Amino acid sequence: MSAHTSTPQTQSLSNQAAAALPPGAGGAGGHDPNGEAAKAARRGAARRRKGLKALGFHAVMLAATVVVLYPGVWMLTSSFKPTNEIIGNISLWSDNMSVDNFATALSGIGGVGFWTFFTNSMILAIASVVGVTLSASVSAYAFARINFPGRGVFFAIMIGTLLLPFHVVIIPQYVMFNQFGMVNTFIPLLAPKFLAAEAFFVFLMVQFMRNLPRELDEAARIDGCGHTRIFASIMLPLMRPAIITSSIFAFIWSWNDFLGPLLYLKKPDLYSLPIALRLYVDQTSVSDYGAQMAMAVLALVPVMIFFILFQRYIVDGVATQGLKG
Amino acid sequence: MLLTAFPMVASLYLAFTDYDLFHDPSWIGLQNFRDLFADSRFWTSARVTAIYVLVGTPIKLAAALAVAMLLNMKHRGQGAYRSIFYAPSLIGASVSIAIVWKAMFIDDGIVDRIAQVFGAPAGGWVGDPSKTMPMFILLATWTFGAPMVIFLAGLKQVPAELYEAAAVDGAGPARKFWRITIPMLSPVLFFNLLLETIGAFQVFGSAFIISGGTGGPADSTLFYTLYLYIKGFAQFDMGYASAMAWVLVIVVGVITTILFKTSNAWVHYSGDNR
């Protein structure tokens, strides 16, 4: 390898420069005395250098992959190990692998079974998706297509709330929901989703809608459609990609949310998975790492399934929608 | 909007009151703010968060940019690498990962053992006040995927002709990076910087889990948001917590404004409208 890396810097630079020139422009410089054989030799060397470069590249990337994936894989395999083989054990394998930890985790805590927590989390996540999709798409339509008075101001306020630390609203919101007697219900967690208080999703959909051709709704209007009809029959179908992206994120964020359920759900049979998980850690702090790992794995399964199924949408969503900020 | 605008006003009012959720709020003027500035734990929490933002964000962004540049090279398998590196961003803030992190960094944990191989004194990071911050910054850095994906989208927009022209003029990799990549990427860099800074101010769940809700050891993980939670929802000092929230709003507002103002000097927008 060292023989190749000692290739003079200047030569590789001139090679890049040559590659930059369009084919056939090689002779334009006037002094390119290479014959066919020399050219072939150079091409061979270049190919070998390219192969080595690819090798080095993949070595770096694979090393990075190992580092990035290690905590996750370690968690996964640890969940099958006996508790006394988890802490301090770098190995990803044990001779005593079993599903005992999962049996313990599934039996739940404090008399409430795992599936109760799972169902609570699922209800919250699915209702969030429905709420976000409905409310954000309707308000986005209003922002993008209807000229109502104060639109600019409202839009600016909405963008402002994107940058605002959410902590400023949690206390008064808590006070309010507490006075309505809604603590220990799912309402405080879902109401913001149904009332389009999640500015991120509104913003994402407004950006998307602004790129849809206005001629479509104008044509529909001439044909006698009102706003409801234009929204339902023209906008919604066209907005599929934006709706899919925001549904995925609404699901995952709701699923992982910790602060909201921590504030509003105080009865174990209402706990969502993250809160149950926290209770689990507090109760079994030193003793049962195996069951903790098993439950941590179970809590991540839906997110991972989502990621594997929709990775294109997720990654592209971040790349494109993120950029438009 | 109702759920945001009204609470904002209510929160501002509460910041000037003494309120414990059970009795009516009573107006006490600036007393909360005076108490706040005399509260040493408040300053500790501000310092913890400031270090996290000032050190963690640049490290995370540097990692994100470096990997994005690798992903922008023409090689096989880039899509797979991109997905793998992005995955931690989705779960990094979850309770599950906080538990794993704690288990890895605890006394006699994996990290402790590996560090001992390299001659570090024995002892986990979770219980050592001087090592908890590096542990959190590593957790933040592990989730470099989201800014990385945004950087990568930005890199793909940089016209290849610029690099070719620079190469013809004899520019080396370092020069190309500083004179082409960074200026062309500056709008994306600005966007990421803004997003990650604001995000870093709000870290909560992992700090809560790893410290067991206390901010310990020795208040070394007492993030601002965690202290706000303790004040408001463990001690029910809602007026005090509202005052804290408004201090945070003002600080984040000032930082955002500074970022926007200075961006005129270093963010380069190409002629075409983006």
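Of all residue pairs spaced 6 or more apart or on separate chains, those with beta-carbon atoms under 8 Å, a first member in region B:77-98 that is within 7 Å of chain A (Cβ to nearest Cβ) and touching a residue at least 60 places away in the same chain (Cβ under 8 Å) and a second member that is among the hydroxyl-bearing types (S, T, Y) and not in a helix (DSSP H, G or I) are B:A93/B:T143.
Comparison of A:R278, A:R229 shows that the only residue that is within 30 Å of A:N178 (Cα to Cα), basic (K, R) and modelled with pLDDT of 85 or more is A:R278. Exactly one residue among A:G260, A:G290 is buried (at least 20 other Cβ atoms within 10 Å of the Cβ), more than 9 Å from chain B (Cβ to nearest Cβ) and over 27 Å from the mean Cα position of the chain (by Cα), and that residue is A:G290. Within region A:299-318, residues that are free of Cβ contacts under 8 Å to residues at least 24 places away in the same chain sit with their Cβ atoms under 8 Å from residues that are among the aromatic types (F, W, Y) and part of a helix (DSSP H, G or I), at 6+ positions apart or across chains, in these pairs: A:Q311/B:Y86; A:V315/B:Y86; A:V318/B:Y86. Among the residues of region B:101-116, at least one is farther than 30 Å from A:A276 by Cα, without any contact (Cβ under 8 Å) to a residue 24 or more places away in the chain and of a type in the set (V, I, T). Here B:A140 meets each of (1) over 30 Å from A:I159 (Cβ atoms); (2) small (G, A, S); (3) modelled with pLDDT of 90 or more with one exception, condition (1). Listed by first and then second residue, the pairs linking a residue in region B:239-257 that is more than 7 Å from chain A (Cβ to nearest Cβ) to a residue that is outside any helix (DSSP H, G or I), with Cβ atoms under 6 Å apart and 6 or more places separating them unless they lie on different chains, are B:G239/B:T17; B:G239/B:D18; B:G239/B:Y19; B:A243/B:A15.
Rundown of residues vs (1) at the interface with another protein chain (Cβ under 10 Å from one of its Cβ atoms); (2) crowded, with 21+ Cβ neighbours inside 10 Å; (3) out of contact with any Cys (no Cβ under 6 Å at 6 or more places or on another chain), yes/no style:
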position: B:W178; (1), (2), (3): no, no, yes
position: B:M184; (1), (2), (3): no, no, yes
position: B:L193; (1), (2), (3): no, no, yes
position: B:I198; (1), (2), (3): yes, no, yes
position: B:I209; (1), (2), (3): yes, yes, yes
position: B:G212; (1), (2), (3): yes, no, yes
position: B:G215; (1), (2), (3): no, yes, yes
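Considering the conditions (1) within 11 Å of another protein chain (Cβ to nearest Cβ); (2) under 18 Å from B:P58 (Cβ atoms), B:E164 is excluded by exactly one of them, (2). Condition test on A:S246, is it touching a Leu at 6+ places or on another chain (Cβ under 8 Å), within 24 Å of A:F154 (Cα to Cα), modelled with pLDDT of 85 or more and part of a helix (DSSP H, G or I)? In short, yes.
The values are calculated or read from the model by the stated rules, or taken from the named source; none is laboratory data. On a predicted model such as this, the values are computed, not experimentally measured, just so you know. For neighbour counting, all protein chains shown are included, and Cβ atoms are generated from backbone atoms with ideal geometry for every residue, glycine included.
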